[in-house]
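Asker: Handing you a structure now.
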Amino acid sequence: MHSKIVIVGGGAGGLELACKLGRKLGAGQVMLVDSRLYHIWKPSLHEVAAGTLDIHQEGLSYQMLAHDNSFTFVYGALTALDARASSLTLGSVAGADQEEVMPERHIGFDSLVLAVGSTSNYFGVPGARENTIALNATEDAERFRLKLLKLLSLAELSKEGGPAARVDIVIIGGGATGVELAAELREASGVYAAYGFQRLRALEDVSITLLEGAPRILAPLPQRVSDAAVELLRKRAIKVFTDTRVTAIDGDKVCVAGGADYPANLCVWAAGIKAPDFLAHLGLPTHRGGQIEVDAMLAVPGFPHIHAIGDCAACPGSDGKLVPPRAQAAHQQADYLRRNFLLLAAGKPAQSKPFVYHDYGSLVSFGSSTSVGTLMGSLKGLSWFVEGFVARMMYVSLHLLHHQAVLGTVRTGVLAVARFLIKRGKPLVKLH
């Protein structure tokens, strides 16, 4: 197999790039490679974990997207790269019975874009990998949801006699993922109580604790956003502890510096991310954090035909620091490369201006009714604090804009209306 442009990784940035290029250049020139068969917007995983979003309705088939946007989709995981020969290797794919479904394959390319995202960084904490769930992918969120449903059922049954069981949830990491998950779980626990868990008292029987090692949660965001988030969490009976360093995690508790323990029969790791380990074995220069090094044009030094975007790229910013691993950064980098590839396809030179990241602010969801965050102005240092219903609508619009990029305006509108109507005929949480 061969394609002029091969994109490895179907996350927000990689998929948007494949869709936009495919619509302009066609399937013979654009190929997307991913180790999964369907796409979900990663910021939605906390809703899947809480059960308020059904992954089987939310997921978008890569094969469908490839057909509709005129690119080629290839299913498989990147296992090797020969940068000088412009060739990559995909591992074989096995079915549920471990029988080989697809053999190992080799793909040639003229240009390569690595957009493989990130994975959890456990920082060497004993027991963290074995005893926590990290929301890296849909299967992680589904595993969390099923375990939560089991624990809620046991707590409900314990009311009939014997010692009452409690659901103790500990979330490690006070960034956006941890904060959004805590708020979504509290809202969902009340909804579960209305669907057959009549004896369950959500506030008393479901304990949610958020642990953060920094002096405040949402540390990259302004103090006002952090303070508002703490207040919203406490109103929902979510315990927040900052300056709390986790030292070990057992099967039923989280140990922190100073000797304190927090009971936990369901624990989530949201304390940090890193580049996937396999990037270190591709023969490309890597940053000390494991990301692929790229220059101001998003090209890998020494390999101008290979690019990296999103969380897996160590991209220099105009302030001398690396561009932060955010969805908006991947979106902007994808648009930058799209313009370059279209210029080259038209026989014109690529743009000479380097990539410049623009921070448009951040929004954090607190359930179905409210959000909080900050919007950045066009003037340096100017920002607006937003919260409540308006912020929530802005948060929802980010998801719709992503769908618009991969589905188009009309289909996104139809899908939004369809989901609204479907919700009126189904439970508010997934119960199976």
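Asker: Do any residues in segment 137-150 that are free of Cβ contacts under 8 Å to residues at least 12 places away in the same chain have Cβ atoms under 8 Å from those of residues that are open to solvent by less than 30 Å² (accessible area, probe 1.4 Å) and among the β-branched types (Val, Ile, Thr), where the two are at least six apart or on different chains, and which pairs are they?
Answerer: Here the result reads ARG143/ILE133, each pair linking segment 137-150 to a residue that is open to solvent by less than 30 Å² (accessible area, probe 1.4 Å) and among the β-branched types (Val, Ile, Thr).
Asker: Within segment 142-259, considering only helices (runs of 4 or more DSSP H) that don't extend past its boundaries, which have at least 1 residues that are within 26 Å of SER120 (Cα to Cα) and in contact with a Leu (Cβ under 8 Å, 6 or more places away or on another chain)?
Answerer: By residue number, 176-193, 223-235.
Asker: Still on this structure, please answer the following. Of all residues being free of Cβ contacts under 8 Å to residues at least 40 places away in the same chain and not in a strand (DSSP E or B) in segment 296-327, which is least open to solvent (accessible area, probe 1.4 Å)? Just the residue, please.
Answerer: Here the residue is VAL323.
Asker: Quick one: count up the residues across segment 149-171 that are touching a Ser or Thr at 6+ places or on another chain (Cβ under 9 Å), of a type in the set (A, V, I, L, M) and open to solvent by 10 Å² or more (accessible area, probe 1.4 Å).
Answerer: 2
Asker: Something else: Taking only pairs six or more apart or across chains, which ones have beta-carbon atoms under 7 Å, a first residue in segment 98-109 that is touching a residue at least 60 places away in the same chain (Cβ under 8 Å), and a second residue that is open to solvent by less than 100 Å² (accessible area, probe 1.4 Å) and assigned to a loop (DSSP other than H, G, I, E, B)?
Answerer: Once the first residue is touching a residue at least 60 places away in the same chain (Cβ under 8 Å) and sits in segment 98-109, its partners that are open to solvent by less than 100 Å² (accessible area, probe 1.4 Å) and assigned to a loop (DSSP other than H, G, I, E, B) give ARG105/GLY76; GLY108/SER86; PHE109/SER86.
Asker: Say whether the condition of being in contact with a Phe, Trp or Tyr (Cβ under 7 Å, 6 or more places away or on another chain), within 20 Å of ALA12 (Cα to Cα), modelled with pLDDT under 95 and not polar (S, T, N, Q) is met by at least one residue in segment 327-347.
Answerer: yes
Asker: Can you run down the residue pairs with Cβ atoms below 8 Å, 6 or more apart or on separate chains, where the first is in segment 233-250 and acidic (Asp, Glu) and the partner is surrounded by 14 or more Cβ atoms within 10 Å (Cβ to Cβ) and part of a loop (DSSP other than H, G, I, E, B)?
Answerer: ASP243/GLU212; ASP243/GLY213; ASP243/ALA214; ASP250/GLY127
Asker: Answer yes or no as to whether ARG23 is open to solvent by 30 Å² or more (accessible area, probe 1.4 Å), charged (D, E, K, R) and part of a loop (DSSP other than H, G, I, E, B).
Answerer: no
Asker: Does GLN63 satisfy the criteria of being in contact (Cβ under 8 Å) with a residue 60 or more places away in the chain and surrounded by fewer than 16 Cβ atoms within 10 Å (Cβ to Cβ)?
Answerer: No; evaluated as a whole, the condition is false for this residue.
Asker: Identify, please: which residue in segment 375-424 is out of contact with any strand residue (DSSP E or B) (no Cβ under 7 Å at 6 or more places or on another chain) and hydroxyl-bearing (Ser, Thr, Tyr) and is, among those, modelled with the highest pLDDT?
Answerer: Looking at residues that are out of contact with any strand residue (DSSP E or B) (no Cβ under 7 Å at 6 or more places or on another chain) and hydroxyl-bearing (Ser, Thr, Tyr), I get THR409.
Asker: Please go through segment 236-258 and give me each residue that is open to solvent by 60 Å² or more (accessible area, probe 1.4 Å) and not hydrophobic (A, V, I, L, M, F, W, C), ordered by number.
Answerer: Those that are open to solvent by 60 Å² or more (accessible area, probe 1.4 Å) and not hydrophobic (A, V, I, L, M, F, W, C): LYS239, ASP243, ARG245, ASP250, GLY251, ASP252, LYS253, GLY258.
Asker: Counting only residues that are of a type outside the set (A, V, I, L, M), give me the helices (runs of 4 or more DSSP H) lying completely in segment 40-124 with at least 3 of them.
Answerer: Qualifying helices (runs of 4 or more DSSP H): 55-58, 62-69.
Asker: Confirm whether GLY302 is among the small types (Gly, Ala, Ser) and under 23 Å from LEU32 (Cα atoms).
Answerer: Criteria not met by GLY302.
Asker: Another question about this same structure. Residue pairs, Cβ under 9 Å, 6 or more apart or interchain, first in segment 197-226 and farther than 22 Å from GLY173 by Cα, second in a helix (DSSP H, G or I) and among the β-branched types (Val, Ile, Thr). List them.
Answerer: Every condition considered, the pairs that remain are ALA202/VAL191.
Asker: Then there is this: For residues that are β-branched (Val, Ile, Thr) and over 20 Å from the mean Cα position of the chain (by Cα), scanning just segment 146-181, find the one that is modelled with the lowest pLDDT.
Answerer: For segment 146-181, the residue satisfying everything is VAL167.
The values are calculated or read from the model by the stated rules, or taken from the named source; none is laboratory data. Since this is a predicted model, take the numbers as computed values, not measurements. A quick note on method: Cβ atoms are made from the backbone with ideal geometry, for glycine too, and the neighbour counts reach across all protein chains shown. With ligands, DNA and RNA removed, areas are computed over all heavy atoms of the protein, side chains included. Shrake-Rupley method; radii C 1.70, N 1.55, O 1.52, S 1.80 Å.
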